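Every number here is computed from the coordinates shown, using simple stated rules; none is lab data. Computed from a predicted structure; not experimentally measured. Don't worry about glycine lacking a Cβ; one is built from the backbone with ideal geometry, like all the others, and counts go over all protein chains shown.
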Amino acid sequence: MFIVFLKFGPNKANAGTHMDAHKAWIKQGVDDGVFCLVGSLQPNMGGAILAHATSGDALAKRIASDPFVAEGIVVPEIHEVLPHQVDDRLAFLQN
């Protein structure tokens, strides 16, 4: 599984212009079964994504296609996590 941080970058002020496209990109990730959780980093630092059922290379390509990333609104950090112990409710993340 992967944890992705999308921290605001130099073009943060342009977020409103690309928000609809960014939201559509998020919806596609959820619909594709890759994004399990998407939320905001507090306080007002950007966003975070919990991703699974993908490879690191495929995820990096998906993240690069985010309009916010392409426009420099956010800067991505992708971290791979190999779960060793999980609550039964999250067992699917071990696959």
Exercise for the section: Using just the helices of the chain, give the 222 nm mean residue ellipticity in deg cm²/dmol: DSSP H runs with n ≥ 4 each add -39,500 (n - 2.57), and the total is spread over all residues, rounded to 500. Expected result: -9500 deg cm²/dmol
Practice task
Take every DSSP beta bridge with both residues inside the chain and express the antiparallel ones as a percent of the total, to the nearest 5.
Solution key: 100
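Of the listed peptides 47-56, 22-31, what is their order by residue-averaged count of other C-beta atoms within 10 Å, with the highest listed first?
Sorting 47-56, 22-31 by mean packing, highest first, produces 47-56, 22-31.
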Practice task
State, as an integer percentage, the relative contact order of region 2-94 based on alpha-carbon contacts under 8 Å between residues 6 or more apart.
Solution key: 44
Handout entry: Computed P(r) (all Cα pairs; the chain; 10 Å bins; percent)
Key = 16, 50, 27, 7, 0
Practice task
Work out, step by step, the length gained on full extension between Val75 and Leu41: first 0.36 nm times the residue separation, then minus their alpha carbon distance; give nm to one decimal.
Solution key: 10.9 nm
Completion exercise
Here region 31-43 yields Karplus 3J(HN,Hα) values (6.51, -1.76, 1.60; θ = phi - 60°; whole Hz; Gly and Pro given as x) of 4, 6, x, 8, 8, 8, 8, 9, x, 9, 7, 9, x
Handout entry: Set of region 48-91 residues, backbone N closer than 13 Å to the point 7 Å along the Cα-Cβ line of Lys12
Key = 73-75
